[in-house]
Amino acid sequence: MKCLRCDGQMSPGYMVDLMKNAVIPGTWVIGTYQPNKFLGMNRGLSVRGKRKFHIEGYRCDSCGWLDLFASKENEYVK
Ligand SMILES: [Zn+2]
């Protein structure tokens with residue numbers, strides 16, 4: 001795969017989300033984000049019931065350009 005900006009070589013990779021005790025694949029969630037509050041305390045974001053996809057991507061070895069994908073093959077099935 002070639003970079004759209006400089007025609008350099010693109011390397012495959014992925015983004016990660018950091019949790020308290022884990023590193024998980026980056027996720028694209030449909031819609032706008034909504035705070036998840038419990039007893040008035042902020043508990044991150046609410047993503048329940050929303051379609052979610054693992055993010056995959058490529059990085060240009062020359063200029064650093066990122067192309068990211070959230071393909072239907074990478075949808076969370078839950
Ligand atoms: Zn490039």
Exercise. Sort out which residues of region 6-17 are within 15 Å of His54 (Cβ to Cβ) and either in a strand (DSSP E or B) or in contact with a Ser or Thr (Cβ under 6 Å, 6 or more places away or on another chain) (or both), and write them in order of number.
Key: Pro12, Gly13, Tyr14, Val16, Asp17
Quiz prompt | Among the candidates Ile55, Ile24, Ile30, residue that is among the aliphatic types (A, V, I, L, M) and in contact with a Ser or Thr (Cβ under 8 Å, 6 or more places away or on another chain) | solution = Ile55
Self-check item: Checking Trp28 against (1) more than 16 Å from the ligand (Cβ to nearest atom); (2) not in a strand (DSSP E or B), the condition it does not meet
Solution: (2)
Quiz item: Looking at Met15, is it within 16 Å of the ligand (Cβ to nearest atom) and surrounded by 14 or more Cβ atoms within 10 Å (Cβ to Cβ)?
Solution: no
Quiz item: Among the residues of region 34-78, which ones are on the phi > 0 side of the Ramachandran plot and among the small types (Gly, Ala, Ser)?
Solution: Gly40, Gly44, Gly49, Gly64
Quiz prompt | Qualifying residues in region 1-31 (those that are at pLDDT 95 or above and of a type in the set (Gly, Ala, Ser)) - the one nearest to Phe69 (Cα to Cα) | solution = Ser11
Quiz item: Is it fair to say Cys63 is in a loop (DSSP other than H, G, I, E, B), touching a Ser or Thr at 6+ places or on another chain (Cβ under 9 Å) and surrounded by 10 or more Cβ atoms within 10 Å (Cβ to Cβ)?
Solution: no
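The values are calculated or read from the model by the stated rules, or taken from the named source; none is laboratory data. Model, not experiment: these values are computed from the prediction. Here the Cβ is made from the backbone with ideal geometry for all residues, glycine too, and neighbour counts use every protein chain on show.
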